[in-house]
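The values are calculated or read from the model by the stated rules, or taken from the named source; none is laboratory data. Just so it is clear, the model here is predicted, and its values are computed rather than measured. Every residue, glycine among them, receives a Cβ derived from its backbone with ideal geometry; neighbour counts consider all protein chains shown. Just so you know, the surface numbers come from the protein's heavy atoms only, side chains and all, with ligands and any DNA or RNA stripped out. Shrake-Rupley method; radii C 1.70, N 1.55, O 1.52, S 1.80 Å.
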Amino acid sequence: CRQSVNDQVVLVTGAAGSIGSELCRQVITFQPVELHLLDNNESGLFDLAAELAAISPQTIIKLWPASVVDERKVNEVFNQVRPQLVYHAAAYKHVPMLESNPDEAFRANVLGTLNVATAARTYQAGTFVLISTDKAVRPTSIMGATKRIAELMVLALARESEHTRFVAVRFGNVMGSRGSVIPFFLEKRKTGVLPITDPRMTRFNISLQEGVDMVLWSIENAWGGEILVPKIPSYRITDVAQAVAPEAEQRVVGIRPGEKIHEEMI
């Protein structure tokens, strides 16, 4: 992985998010010559840049407060940066919220991916990596459907591109990320009651570090045109709740719109 990143120009979209920021932390230890952070979260970018500068002072870090939905801005960034590695982590991810806002899910996850991936091909990036999700498998939600479309676009671009490798890596649920179940349970533990969607429900859970390790590994081992599917464990939601707060009562509240009882990692 160090050989792939060292002395390269790297661009991370969604850089201020849970996955994007961990990507940046690991990438910068390999000392890229430039690390470009793109996100519409201005404060998040500012805080992350200060943290990264202390890890690798010699790496040039540049911040781009922008949205991947803005095609003109995305092309402007690529024209100036000419990245060799592109990690596309920018996306909307909350399943029930996106069920109520399908237009925004489509804009961010489909059109945003199209803008970044097309720019990667136009400006001849060496590798483009899409961060996808197990929810793209036989999707029952708006979020899963938009990420499946994003995967299919990346595969189509892989067939057409002469200069850029296009790869997708599927994540499961990232433990500890913003909006994930463990921080939610930790907060609800104070009340003595943990809301459980369905006692049968299972999820693939992976730590941020493990997930980012897989993304970086994909650069070394992908030919291009693949969807990489990790082997990660699946847990019952009731077991997670028991581990986080064994003293709390588990109260079944029912699954939310768009959710499955079981995700698939195929």
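Binning the alpha carbon pair distances of region 107-218 at 10 angstrom intervals from zero yields the distribution 13, 35, 31, 14, 6, 1, expressed in whole percent. Using a simple spin-label model with pseudo-atoms 7 Å out from Cα toward Cβ, ARG159 and VAL229 lie 2.0 nm apart.
How do CYS24, CYS1 stack up against each other in accessible area, from largest to smallest, with a 1.4 angstrom probe?
Numbers: CYS24 0, CYS1 55 Å².
Order by accessible area, largest first: CYS1, CYS24.
Rolled with a 1.4 Å probe across the full set of protein chains, the surface gives VAL68 an accessible area near 10 Å².
Note on the chain: with neighbouring protein chains present and a 1.4 Å probe, carbon and sulfur make up 53 percent of its accessible heavy-atom surface.
Measuring with a 1.4 Å probe in the full set of protein chains, what accessible area per residue, in whole Å², belongs to the chain? Numbers along the way, then the final one.
On the way: 12380 Å² over 266 residues.
With the other protein chains kept in place, the chain gives 47 Å² per residue.
Using bins of 10 Å that start at zero, the share of Cα-Cα pairs per bin across region 198-261 amounts to 17, 35, 27, 16, 4, in whole %. Modelled label positions at ALA53 and VAL253, each set 7 Å beyond Cα in the direction of Cβ, lie 4.1 nm from each other.
For Cα pairs less than 8 Å apart in space and 6+ apart in sequence, what is the mean separation divided by the residue count of region 165-208, i.e. the relative contact order in percent? Could the numbers behind the result be given before it?
Numbers: 29 pairs, mean separation 24.2, N = 44.
After rounding, I find 55 percent.
Give the range of the longest stretch in the chain that excludes all GluC sites (Glu not before Pro) found in loop regions by DSSP and having at most 10 other beta-carbon atoms within 10 Å. That would be 1-161.
The Cα atoms of the chain define a convex hull whose projected area, averaged across directions, is 13.7 nm². Put a dot 7 Å past the Cα of ASN6, heading toward its Cβ, do the same for LYS190, and the two dots end up 4.7 nm apart. TYR235 contributes an accessible area of around 100 Å² to the protein surface, as traced by a 1.4 Å probe with all chains present. When the surface is traced with a 1.4 Å probe over the full set of protein chains, HIS36 keeps roughly 10 Å² accessible.
Over 32 Å between C-alpha atoms is what I'm after, so list which of LYS62/LYS93; LYS73/LYS231; LYS190/LYS260; LYS188/LYS231; LYS135/LYS188; LYS73/LYS188 land there.
On the way: LYS62/LYS93 26 Å; LYS73/LYS231 37 Å; LYS190/LYS260 28 Å; LYS188/LYS231 30 Å; LYS135/LYS188 25 Å; LYS73/LYS188 41 Å.
In this structure, LYS73/LYS231; LYS73/LYS188 lie more than 32 Å apart at Cα.
Given R₀ = 41 Å, what would the calculated FRET efficiency be for THR122 paired with ASP213, taking r from the Cβ atoms and rounding to 0.05?
Numbers: r = 30 Å, r/R0 = 0.73.
Taking R0 as 41 Å, the efficiency between THR122 and ASP213 is 0.85.
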